[in-house]
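Worksheet: the structure to be examined is printed underneath.
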Amino acid sequence: MRPFFRLTTVRIVSQLVFLGLFVFGVWATWTTRMQGYPVSRFLEIDPLVALSTLLSTGHIYRYLGWSILLLLLTLLFGRLFCNWICPLGTLHQCAGWLFNVRSGKERQEQNRYRPRQVIKYVTLIIVLIISAFGSVQIGLLDPLALLHRSMVTGLSTGWDWLLGTTSLTQLQLAPGTAERIYTGSLWIGVLFVVIVVINIWYTRFFCRTLCPLGALLGLVAPFSLFRIHRDTDLCTNCDLCLTRCEGACSPETTLRVTECVGCMNCIDDCPENALSFSLPRIVSAPARPTPDLSRRHLVFAGIIGLITFPLLRANGRVNDANYSPLMIRPPGSMAEAEFLKKCIKCGQCMRVCPTNVVQPAGLREGGIEALWTPVLNFNIGHCQQKCSLCSTVCPTGAIREISVTEKLGFGEYRQDGPIRLGTAFINRSRCLPWANEIPCIVCQEVCPIAPKAIQTYDEEVKDTFGHLVLLNKPFIIPDLCTGCGICQKECPVTDQPAAYVTAVGESRSQERRLLLRYRTNPEES
Amino acid sequence: MPSPFNRREFLKRIALASTICGGAGYLAWAPEEYPFSLKDVTGLRSRPEPRQFTLPDYRVATAPGMMEIGIGRDMTTEGRLTKALEPIGGLSRFVQPGDVVLLKPNVAFDRAPELGATTSPELLEVLIRRLLIDCRAKEVRVTDNPIESPADCFAKTGIKAAVERAGGRVLLPDGNAFRPLSTPDAELIKSWPCFYRPLIGVTKVIGVAPVKDHNLSGASMGIKNWYGLLGGQRNQFHQDIHTIIADLSIMIRPTLTILDGSRILMRNGPTGGDPAYVKPWDVIVAGTDQVAMDGWAFVNLLQRDASTLPHYLFLAEEKGGGKIDPAGRIQESA
């Protein structure tokens with residue numbers, strides 16, 4: 001008879017609740033819903049985020065201190081996070097449950113400990129070393145960042161397309177907008193699909209072999225108070241405990257505390273009731289408190305870490321000699337080197353942006369190092385004046401929290417001026433009034449700056465067909481332009497807009513400024 | 001193997017967990033001003049602080065009865081330098097034994113010395129020997145931040161070889177050489193990357209500038225030479241070159257300025273490019289008021305009309321960089 005109260009039942013409820021909260025968080029992070037409130041909480045309890053940004057910046061941003069909760073949980077109960085909370089872990093388990101259908105014997109073999117499980121510790125050491133040099137790359141594999149990024153840029157567009165054809169538009173992630181676009185989302189999606197699909201052949205391959213957060217928690221877990229105990233007096237060595245073991249942590253012999261994700265399946269599956277999740281017992285098989293991390297592994301990880309950083313940086317995209325004109329960061333972003341010390345590529349800024357202008361960077365803007373970090377693509381959207389949502393959701397302060405007042409340079413920020421994202425330019429050979437004798441001037445009309453940062457040379461000419469036309473030929477006042485990009489977004493020359501913004505003049509960097517001084521109207525000052 | 005677990009062990013484990021969490025909690029949550037707090041509420045705390053520095057005043061006290069500017073004419077570099085320094089009291093009035101002297105020639109371009117775009121190596125060689133032997137300077141450093149490849153500029157202008165022959169040291173502007181210099185009185189370069197490492201320990205600074213035509217500002221002489229101490233995005237300076245040069249006149253207060261009138265670039269400055277543009281001459285001007293020296297050189301060496309003095313000289317005079325009119329302060333050696 002199965003007992004009424006089982007830990008696995010509680011676990012499943014916990015998993016569903018946290019997966020639901022995560023999905024709800026993604027859904028609610030929208031300008032007409034809870035704006036920037038709920039999503040970040042997941043990433044803020046992620047100790048890997050706190051640790052790697054602590055290594056890179058020396059400080060702990062805003063709410064990242066909450067990751068102590070997870071540290072505490074792990075110190076009490078081990079890597080419970082992985083199988084009770086982590087929504088990506090839940091998806092992996094679910095995928096295995098649905099598609100990895102095998103006989104009991106095969107499953108027991110599959111859930112035996114494999115030496116490759118040490119890879120995640122090597123990965124962790126490598127990303128932490130790179131972090132200490134100033135390039136945070138944990139976001140590529142951190143389960144929460146990876147899942148959020150994949151949901152937002154990979155899965156949400158499909159979801160919204162589907163729902164857009166029904167009357168359930170309130171379930172859409174971005175209701176009332178044009179179809180959301182995320183450049184390069186194919187590869188974000190492919191990475192996600194691959195790590196989930198791989199469960200068909202290798203149960204929880206990502207969690208066991210790759211996950212750097214799991215590795216970090218695994219290093220803390222040996223200090224935990226509770227663990228799985230096997231009563232050697234009762235155990236008959238039947239190996240049934242392996243049948244549904246999620247962590248491949250050898251519960252049948254010497255428990256590997258670093259690998260155990262606390263799924264509690266072994267307790268259910270033991271016909272002799274030999275297993276329990278409890279405080280240390282008098283009669284219990286010993287556990288193995290350390291991962292199989294040899295000195296060779298450490299030296300290897302160290303060397304790879306040391307080599308990787310200069311390789312990532314060698315393209316010169318970070319310094320001011322070879323930065324990309326397309327590397328336009330959201331308002332409130334730190335200067336590029338500081339930005340890369342903080343950004344975990346979670347994609348929350350891309351999710352919350354109401355105009356869809358925030359996009360995952362491809363290789364062109366910043367190379368591998370800045371892959372999937374946020375850049376503004378003004379062909380897709382523009383940076384709205386009275387909005388600073390991307391800065392409020394950012395969990396690490398890569399985009400530090402700013403107010404609209406600070407963004408626009410009003411009130412107490414008047415002295416500093418507005419936050420400039422870049423500078424607009426006019427390509428006269430593609431501009432209708434300049435090149436084609438056709439009146440236009442959309443860019444000047446939509447420019448939100450007062451006085452307007454786009455002014456015109458006005459000229460009356462007789463066009464080819466003999467009509468008298470007034471041409472207002474636009475030019476940019478770089479002193480006033482904040483690089484919001486609405487001129488580029490609205491330019492009728494849509495493929496390669498005649499008004500366009502590039503990164504030069506951005507106020508986050510002294511070295512990338514354009515003007516020696518900002519001219520002002522002598523009457524105003 | 002049974003593992004003994006008792007109350008003591010339990011308490012120890014609890015204590016360990018609370019110590020780790022408590023310690024981490026303190027680091028993460030203690031207000032920013034508390035000791036060891038790592039909290040960063042605004043995200044600005046982790047921004048690296050620009051480590052600004054200020055330059056000392058390198059001038060020496062004026063001696064009574066001495067001129068401020070001396071002009072020397074002679075067939076040899078040796079001779080004209082001696083004559084130029086005579087009215088202002090000789091080199092040893094400015095450099096004492098044990099001084100570490102920084103020479104700032106103009107090495108802006110990868111050009112032969114005959115083209116007049118850079119300071120002549122002969123003058124530097126003579127000057128460094130004087131400083132080391134006559135004045136018993138401890139060390140003479142020579143540095144500049146050229147427009148083109150620094151190593152090439154120093155080599156192909158002949159300056160590297162001349163400096164090393166005379167016993168000086170060439171310091172090239174690598175990425176670690178600069179730090180923001182604070183010049184509160186400047187208008188546009190209140191904080192700008194400037195040579196820092198080459199200046200550590202320096203007690204005297206001497207500018208050694210060629211006299212050149214300069215298409216944007218009119219002429220590049222003693223004051224404009226300090227442009228080469230700066231790094232960063234100097235290409236922005238041309239948006240308001242006169243204010244920048246006037247700022248340079250108060251950014252650094254050199255011990256001495258020497259204008260090299262041996263090859264005067266009369267046209268197509270600041271790069272020149274044709275020996276025909278260069279007027280070989282026999283003058284050296286040495287002094288402590290760069291504004292007056294530049295004004296004098298503009299009229300007498302570049303032979304321009306006094307009514308067309310570069311605007312920056314007037315701005316520099318306003319800012320206190322010197323006085324344009326040299327009357328009573330200038331003397332030509334016999």
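Of note:
- Selection from segment A:308-319 of residues that are of a type outside the set (F, W, Y), surrounded by 18 or more Cβ atoms within 10 Å (Cβ to Cβ) and within 14 Å of A:L340 (Cα to Cα): A:L312, A:R313, A:R317, A:V318
Here's the yes/no breakdown for (1) within 18 Å of the chain's Cα centre (by Cα); (2) in a helix (DSSP H, G or I); (3) in the same structural domain as A:L219 (by TED's automatic domain parsing):
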| site | (1), (2), (3) |
| --- | --- |
| A:L16 | no, yes, yes |
| A:L19 | yes, yes, yes |
| A:F24 | yes, yes, yes |
| A:T31 | no, no, yes |
| A:V49 | yes, yes, yes |
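- The one condition in (1) among the acidic types (D, E); (2) loosely packed, with under 14 Cβ neighbours inside 10 Å; (3) within 11 Å of another protein chain (Cβ to nearest Cβ) that B:E33 fails to fulfil: (3)
- Among the candidates A:K473, A:K452, A:K462, A:K407, residue that is out of contact with any strand residue (DSSP E or B) (no Cβ under 9 Å at 6 or more places or on another chain) and not assigned by TED's automatic domain parsing to the domain that holds A:F339: A:K452
- Picking from residues in segment B:42-62 that are at the interface with chain A (Cβ under 9 Å from one of its Cβ atoms) and surrounded by fewer than 16 Cβ atoms within 10 Å (Cβ to Cβ), the one that is nearest to the chain's Cα centre (by Cα) is B:P50.
- Here B:A112 does not qualify as hydrophobic (A, V, I, L, M, F, W, C) and buried (at least 21 other Cβ atoms within 10 Å of the Cβ).
- Within segment B:147-164, tally of residues that are farther than 21 Å from B:I200 by Cβ and in contact (Cβ under 8 Å) with a residue 24 or more places away in the chain: 11
- Leading residue by the ranking (nearest to B:K279 (Cα to Cα)) among those in segment B:218-239 that are within 14 Å of chain A (Cβ to nearest Cβ) and in contact with a helix residue (DSSP H, G or I) (Cβ under 8 Å, 6 or more places away or on another chain): B:Y227
- For segment A:236-255, the criterion of being assigned to a loop (DSSP other than H, G, I, E, B) and within 14 Å of another protein chain (Cβ to nearest Cβ) is satisfied by at least one residue.
- Only one of the listed residues (A:N322, A:N273) is assigned by TED's automatic domain parsing to the domain that holds A:A248 and surrounded by fewer than 19 Cβ atoms within 10 Å (Cβ to Cβ). That residue is A:N273.
- Of the strands (runs of 3 or more DSSP E) lying entirely inside segment B:75-189, those containing at least 1 residues that are under 17 Å from B:I284 (Cα atoms) and either of a type in the set (D, E, K, R) or within 20 Å of the chain's Cα centre (by Cα) (or both) span B:100-105.
- Of all residues in segment A:147-186, those that are under 20 Å from the mean Cα position of the chain (by Cα), hydrophobic (A, V, I, L, M, F, W, C) and farther than 19 Å from A:F24 by Cβ total 2.
- The set of residues in segment A:206-223 being over 24 Å from A:G347 (Cα atoms) and buried (at least 22 other Cβ atoms within 10 Å of the Cβ) consists of A:R208, A:G218, A:A221.
- Scope segment A:57-111; condition in a loop (DSSP other than H, G, I, E, B), touching a strand residue (DSSP E or B) at 6+ places or on another chain (Cβ under 8 Å) and small (G, A, S); matching residues: A:G78
- Total residues in segment A:205-234 satisfying the condition of being assigned to a helix (DSSP H, G or I), more than 11 Å from chain B (Cβ to nearest Cβ) and among the hydrophobic types (A, V, I, L, M, F, W, C): the figure is 10.
- Within segment A:328-341, the set of residues being under 24 Å from A:V127 (Cα atoms), in contact with a Gly (Cβ under 6 Å, 6 or more places away or on another chain) and among the hydrophobic types (A, V, I, L, M, F, W, C) is empty.
- Taken as a whole, the structure places A:R62 among residues that are under 19 Å from the mean Cα position of the chain (by Cα) and among the basic types (K, R).
- Every residue from segment A:478-501 that is outside any loop (DSSP other than H, G, I, E, B) and surrounded by 20 or more Cβ atoms within 10 Å (Cβ to Cβ): A:I486, A:C487, A:Q488, A:K489, A:A499, A:Y500, A:V501
- Close pairs (9 angstrom Cβ cut-off, 6 or more residues apart or separate chains): on the phi > 0 side of the Ramachandran plot in segment B:198-226, assigned to a strand (DSSP E or B) anywhere: B:G201/B:V100; B:G201/B:E139
The values are calculated or read from the model by the stated rules, or taken from the named source; none is laboratory data. Note that this is a predicted model, so its numbers are computed, not measured. Heads up, the Cβs are rebuilt from the backbone with ideal geometry, glycines too, and the neighbour counts pull from every protein chain shown.
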